[in-house]
Amino acid sequence: MRTEGFFEWLGETLGAIIRFLVEGIGAFFASIGHAGSAFLDGLARALGMDPTWLSLLALIIGLLLLVHAGRALLRGSLIYGVLILLLGLWLLSLLIG
């Protein structure tokens, strides 16, 4: 009887430790998710656009187009750089407002 009580206690203790770790890790990732969501909502509100995944993807594409245009202009490709710059600005102007 004494060994059954010891192993029962050991199992309960190990189970409590595992449960504590799993709940702690779950709470940590939930807080990271909440912080990311709040950041994206604040970004969308500051820009005056809807906080949907499609509009955030379009924002990222527009910013990448501006970076690409800047690199093209630094390489000396004037016409291509201006066209990509106008395309990026057009896309961002559709989102922001």
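With respect to the numbered conditions (1) in a helix (DSSP H, G or I); (2) within 16 Å of the chain's Cα centre (by Cα); (3) not aromatic (Phe, Trp, Tyr), which one is the sole condition not fulfilled by Pro51?
The failed condition is (1).
Mind telling me which of the residues Gly62, Gly26, Gly5 ends up being under 30 Å from Ser93 (Cα atoms) and either assigned to a helix (DSSP H, G or I) or within 27 Å of the chain's Cα centre (by Cα) (or both)?
Being under 30 Å from Ser93 (Cα atoms) and either assigned to a helix (DSSP H, G or I) or within 27 Å of the chain's Cα centre (by Cα) (or both) holds for just one of Gly62, Gly26, Gly5, which is Gly62.
With the requirement that a residue be closer than 21 Å to Met49 by Cβ and touching a helix residue (DSSP H, G or I) at 6+ places or on another chain (Cβ under 7 Å), what does the stretch 70-95 give you?
If the condition is that a residue be closer than 21 Å to Met49 by Cβ and touching a helix residue (DSSP H, G or I) at 6+ places or on another chain (Cβ under 7 Å), then Leu85, Leu87, Gly88, Leu91, Leu92, Leu95 are the ones that fit.
Going by what's in this entry, would Ala27 be described as of a type in the set (A, V, I, L, M), touching a Pro at 6+ places or on another chain (Cβ under 6 Å) and free of Cβ contacts under 8 Å to residues at least 40 places away in the same chain?
So Ala27 does not fit the description; no.
Might you check whether a residue that is surrounded by 11 or more Cβ atoms within 10 Å (Cβ to Cβ), polar (S, T, N, Q) and touching a helix residue (DSSP H, G or I) at 6+ places or on another chain (Cβ under 7 Å) occurs anywhere in the stretch 55-67?
The answer is yes; a qualifying residue exists.
Here, each number is a calculation from the coordinates, and none is a lab measurement. Computed from a predicted model, the values in this text were never measured in an experiment. Here the Cβ is made from the backbone with ideal geometry for all residues, glycine too, and neighbour counts use every protein chain on show.
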